[in-house]
Structure formats: C-alpha cells, structure tokens
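The next block holds one structure in the form of structure tokens; read it before the comments.
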Amino acid sequence: MIQPRFLSGQLLLAMPGIGDERFERAVIAMCVHDDNGALGIMVNRRHERLSVRALMEQLGIDPGRTPREAMVLEGGPVEPSRGFVLHTPDYSGDGTIHVGAAWGLTASLGVLTDIAEGRGPARWLLALGYAGWGAGQLESELTRHGWASVEAGEARALLYDAPLESRWGRAFALLGIDVGRLAGAAGHA
C-alpha cells in the first residue's frame, strides 16, 4: 500500500499487531503532518470517567444545549489533560486549525462555550490528549507493519455517525479490507 507523503486530513488506522497497546485498533484523525512532525486525535475510544457536560461544568462552563449523551474521547497518550474539539469545517474560532475540507481542530475554551450556546460546529467530538510524532517519526513507522491510512472523503461520516466500537472495522472496509482477514504480522517473500 503506497502512503502519501503527508497524512493531514486522513484517518490513520492501526494494523493488527502494531506492537503498542496504546494504539491497538486505533483510528486517528490526522490534523497536522508535515516535515516538523504529526498530530492526530484518536476517535474511537471513550474516556471512562467523563461526559462532555461534566467536563464543561468542571471548567465553569454552563453546558446549556450540549447533548446529554455527548461523550469525551481519549484522543491519545500525549497531554491527556489537554482538550481538543475535532469538528466539521463550518466552524472557525480562536486558534482553529482547518484541515482542508476534512475537518477542523480547535483547542480553545471558546469552542466549548459556543457548543453550549448552540453557536458551535454542526458536528463535533471532544477528546482529551492527542497522538503525536516528532519530525520523521511517523514516516519511519509507515515503512514498517503498523499503520494504514484512508482518505477523509467517505471516512468523515465515521467520525460522527458510526458507533465507537465499529469505527476501526468500518474504516478498513472503506479500503476494501475485511479486518477479519488481516494478519498480526508482516509477511516475508
């Protein structure tokens, strides 16, 4: 599988047997990837102890119109107390990074206030932490068995509509891959 040079705006998918339990079956929305490194938000693991409304209340924000069922995700192992909102590109706030037409990423408290007041993005996910790689680190990992990627296009619907536990398999299905047939190790010719 040929990987594009930079993966911003794509989903990064952990292959079976990746060798790092923090990323087993991970689906990561790549937000920044350039010569300086990469940053993405894991979008298929629920934070065990927090809801979005509870987090807003802890931060002194009235949750207002925030849906009761909105959950906090574990965005990755780096800075697990730092919050990020991954959202549709219709929203732009203080510090928003627009990832092409794929999605936006905002890490300011203002986006939470806007969500609570009904002025936020049409669709969004709130995550604590992120997945990060230094310069050249992800490129090196892509040369070994461990990661696959899928273009954002159809994958965007996965972010907001697919149940968390099905996102990994559904993302691979977009590549025409049945995850039940994937091996946990690379083969040799």
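Averaging the sequence gap over all C-alpha pairs within less than 8 Å and six or more residues apart, then dividing by the number of residues, gives segment 79-176 a relative contact order of 26 percent.
Would you please name the trypsin sites (Lys or Arg not before Pro) within segment 88-189 that are DSSP coil residues with at most 13 other C-beta atoms within 10 Å of their C-beta?
R119, R144
Taking amide H atoms as placed 1.01 Å from N in the peptide plane, the amide H of S149 lies under 5 Å from those of L13, each 5 or more residues away in sequence or on another chain. One equal scatterer on each Cα of segment 39-189, no solvent, Debye formula: the resulting log10 I(q)/I(0) at q = 0.10, 0.12, 0.13, 0.17 Å⁻¹ is -0.39, -0.56, -0.65, -1.05.
Looking at the chain, send over the antiparallel percent of its DSSP beta bridges, to the nearest 5. Bridges in the chain are about 90 percent antiparallel.
The calculated 222 nm mean residue ellipticity attributable to helices in the chain amounts to -5500 deg cm²/dmol, summing -39500 (n - 2.57) over DSSP H runs of n ≥ 4 and dividing by all residues.
Kirkwood hydrodynamic radius computed over segment 56-103 comes to 13.1 Å, based on all pairs of distinct alpha carbons. With R₀ fixed at 35 Å, the C-beta to C-beta distance from R25 to D62 puts the FRET efficiency at about 0.45.
Qualifying GluC sites (Glu not before Pro) in segment 32-121, where qualification requires a DSSP coil assignment and no more than 16 other C-beta atoms within 10 Å, comprise E69, E117.
Taken together, the values in this text are just the output of simple stated rules run on the coordinates, not laboratory data. All values derive from a computational prediction rather than experimental measurement. Note that we place each Cβ from the backbone using ideal geometry, even for glycine, and neighbour counts take in every protein chain shown.
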